[in-house]
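Please treat every number below as a calculation from the coordinates, not as lab data. A quick note: this is a predicted structure, and the numbers were derived from the prediction, not measured. Note that each Cβ is placed from the backbone with ideal geometry, even for glycine, and that neighbours are counted across all protein chains shown.
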Amino acid sequence: MRGLPFLLLLLLLPLLLVSAQADDAACEECRVHWPGSACIRGRCRCPPDTLRVSSSSMQWVCLAIKDIITGEIGPPLTCPFPEGAGYKVVYRNSSSSSPVFCDSKQSPQGCPRGYECIRSLGFIGSSDGICCPDRDTQCEQPILDHSEDADSLPRFGYDGASCVSFRWNPNRPSTNSNNFRTREQCEHYCINYFKYKPHLLTYR
């Protein structure tokens, strides 16, 4: 009977190794999906000063709480990309320029084609979200390079064929969501996605 625990350990060891490998793969997926995120018990946790919310086209995203320009708490109505300045790409009513609100818990969510409902950092009456560019729209937008600006930041964008580096100045009023912190994140969102859905690729 004394050898029974050792025998059980030998039987369970392959299962434990498989489980550990699966956790390692899940953690790597976290870091690629959103740079700076952590993997705790197989679940991705967003970096500090961000909040994890659901996304119909990306499964989950991290909303930045702080404005990348001021470093202070930013507007509650913001999109995940570009990180820290997503409030600049919120879908707005063409006549009033006011944000279009939506309900992330309902289907359809109430956003126009090419946009999805992302839960906001604050509540807006009966609605809980705003319309942000979805994955298709994000990867099809042109890269806005601000390389001539001295205070620009390194970023990556999808040019229709590959993910290339460019410089982004968050102080510029013109920006879009084709803006990733790492090449791996860009490839994860755009190249790997369109590889399995080539009919969606219209940027080129």
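Between Trp60 and Ser96, 0.36 nm times their residue separation minus their Cα-Cα distance comes to what? Write out the running numbers ahead of the final one.
Working: separation 36, 0.36 × 36 = 12.96 nm, distance 3.01 nm.
10.0 nm is the gain from fully extending Trp60 to Ser96.
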**Report entry** Residues Thr70, Thr182, Thr78, Thr50 arranged by fewest to most Cβ contacts within 10 Å
**Finding:** Thr70, Thr182, Thr50, Thr78
Report summary line: Non-local residues with an amide H under 5 Å from the amide H of Cys102, with H modelled 1.01 Å from N and Pro and chain starts lacking one, are Asp128, Gly129, Ile130
Query raised in the report: For Ala150 and Arg172 in one chain, what is 0.36 nm times their gap in residues minus the Cα-Cα distance, to one decimal in nm?
Result: 6.7 nm
Query raised in the report: Which of the trypsin sites (Lys or Arg not before Pro) found in region 35-85 are in a DSSP loop and have at most 11 neighbouring Cβ atoms, other than their own, within 10 Å?
Result: Arg41
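From Cα pairs below 8 angstrom and at least 6 apart in sequence, can you work out the relative contact order of region 32-200, rounded to a whole percent?
Values: 341 pairs, mean separation 30.8, N = 169.
18 percent.
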Requested in this report: Can you pull the one-decimal nm distance between simple spin-label points at Ala38 and Ser162, each 7 Å off the Cα toward Cβ?
Outcome: 3.6 nm
Query - Added length on full extension, which subtracts the Cα-Cα distance from 0.36 nm per residue, Ile68 to Arg183 - result: 39.4 nm
Report summary line: The set of residues whose placed amide H lies less than 5 Å from the amide H of Leu63, leaving out same-chain residues fewer than 5 positions away, is Leu51, Arg52, Val53
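List the GluC sites (Glu not before Pro) within region 18-116 that fall in a DSSP loop (any state other than H, G, I, E or B) and whose Cβ has at most 16 other Cβ atoms within 10 Å. It would help to have the intermediate numbers written out before the result.
Working: sites: Glu28, Glu29, Glu72, Glu83, Glu116; in loops: Glu72, Glu83.
For GluC sites (Glu not before Pro) across region 18-116 that sit outside H, G, I, E and B with at most 16 neighbouring Cβ atoms in 10 Å, the list reads Glu72.
Let's see if you can work this out: charge +1 on each Lys and Arg Cβ, -1 on each Asp and Glu Cβ, no other charges. What is the dipole magnitude of region 32-200 about its Cα centre, in debye to the nearest 20?
Numbers: 18 positive and 17 negative charges, 111 e Å.
Value, rounded to 20: 540 debye.
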Query raised in the report: For region 32-200, what class follows from the C-alpha gyration tensor (a ≥ b ≥ c being the square roots of its eigenvalues): rounded when a/c is under 1.5, otherwise prolate if a/b is larger than b/c, else oblate?
Result: rounded
